[in-house]
Amino acid sequence: MSRPVIGIIGNSNILGDDYPVHAVGAMNSCAIAHVSGAMPLLIPADPEIVSVPELLEACDGFLLTGGRPNVHPEEYGEAETPAHGMFDRNRDAITLPLVRACVERGQPFLGICRGFQEVNVAMGGSLDPEIRDLPGRDNHRMPPDGTLADKFAIRHKVTLTPDGPFAKLFGANEVMTNTLHGQGIRRPGKRIVVDGTAPDGTPEAIYVDGAQGFCLSVQWHPEWNAANDPVSRPLFEAFGKAAREWRANR
């Protein structure tokens, strides 16, 4: 049987001074191909180019990647402020209804960083624009200096709910992860279950209660060193298994 197709949500960027591109980090594609065992397919997240119904038919599952632009606060009923940073309204227009459709259909998705936040917003939740400014919270942002390995290095533990889906997947109630984000979940959306937290209480792992398909999302970046990391590998393997099952049964 041919490999399942995983649609990887792309980000809009400017190459050089003025050349617009849709891009995906190579480590995302490598994790999908080499660990999930699926065929990665870059999705230009723009409603003038693709539609959610087309994507649902073309792909067996979706990887909601990280990205510098944040979900626009209007999507959770708040006004834009400088703290909210930059936005990609085209991506919002694709990913938020895509998440809801996948939950309804039981079609698998894996959310990472911004994708984790998109899942929460899609289900009616809200975000804090800058968690390092909140009392008692740590700075989870990417280190400004150093090599790529330095930036994606393991930085804190995540405590998981005993017997929850993440603890069962990893075979442990605590795991060690990297952290490269500025925003975080303020109010969990309807049916969103926070299944793992950082030492400062920041939500790090969620799933959608009652969803029929694979619907796990993490605030960290498991695509880094996915083939070798003891946390990343089982996550991407489980996602690939879910996509193969969807393909076989669709």
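The values are calculated or read from the model by the stated rules, or taken from the named source; none is laboratory data. Since the model is a prediction, treat every value here as computed from it, not as a measurement. Cβ: placed from backbone, ideal geometry, glycine included. Neighbour counts: every protein chain shown.
Here are the numbers for this structure:
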read-out: Any hit, the range 4-22, residues being of a type in the set (D, E, K, R), out of contact with any Leu (no Cβ under 7 Å at 6 or more places or on another chain) and at pLDDT 95 or above; value: no
read-out: Residue in the range 77-91 that is among the β-branched types (Val, Ile, Thr), outside any loop (DSSP other than H, G, I, E, B) and either without any contact (Cβ under 8 Å) to a residue 60 or more places away in the chain or touching a strand residue (DSSP E or B) at 6+ places or on another chain (Cβ under 7 Å) (or both) present; value: no
read-out: Residue under evaluation Cys113, criteria (1) free of Cβ contacts under 8 Å to residues at least 60 places away in the same chain; (2) at positive phi, criterion not met; value: (1)
read-out: Matching residues, the range 29-54, being within 17 Å of the chain's Cα centre (by Cα) and not small (Gly, Ala, Ser); value: Cys30, Ile32, Val35, Pro40, Leu41, Leu42, Ile43, Pro44
read-out: Subset of the range 89-136 (residues that are more than 29 Å from Asp200 (Cβ to Cβ), buried (at least 16 other Cβ atoms within 10 Å of the Cβ) and either at pLDDT below 95 or in contact with a Phe, Trp or Tyr (Cβ under 9 Å, 6 or more places away or on another chain) (or both)); value: Leu98, Cys102, Gln107, Pro108
read-out: Filtered residue count, the range 153-193, keeping only those that are of a type in the set (A, V, I, L, M, F, W, C), under 15 Å from the mean Cα position of the chain (by Cα) and within 20 Å of Asn139 (Cα to Cα); value: 2
read-out: Test for Asp60: is it at pLDDT 95 or above, of a type in the set (D, E, K, R), buried (at least 21 other Cβ atoms within 10 Å of the Cβ) and more than 30 Å from Leu148 (Cα to Cα); value: yes
read-out: Within the range 131-168, considering residues that are charged (D, E, K, R) and in contact with an Asp or Glu (Cβ under 8 Å, 6 or more places away or on another chain), the one farthest from Ala83 (Cα to Cα); value: Lys157
read-out: Residue match in the range 14-33 (condition: in a helix (DSSP H, G or I) and either over 20 Å from Phe236 (Cβ atoms) or among the charged types (D, E, K, R) (or both)); value: no
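For (1) free of Cβ contacts under 8 Å to residues at least 60 places away in the same chain; (2) not small (Gly, Ala, Ser), each residue gets a yes or a no:
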{"position": "Arg186", "(1), (2)": "no, yes"}
{"position": "Gly196", "(1), (2)": "yes, no"}
{"position": "Ala211", "(1), (2)": "no, no"}
{"position": "His221", "(1), (2)": "no, yes"}
{"position": "Trp224", "(1), (2)": "no, yes"}
{"position": "Ser232", "(1), (2)": "no, no"}
{"position": "Ala248", "(1), (2)": "no, no"}
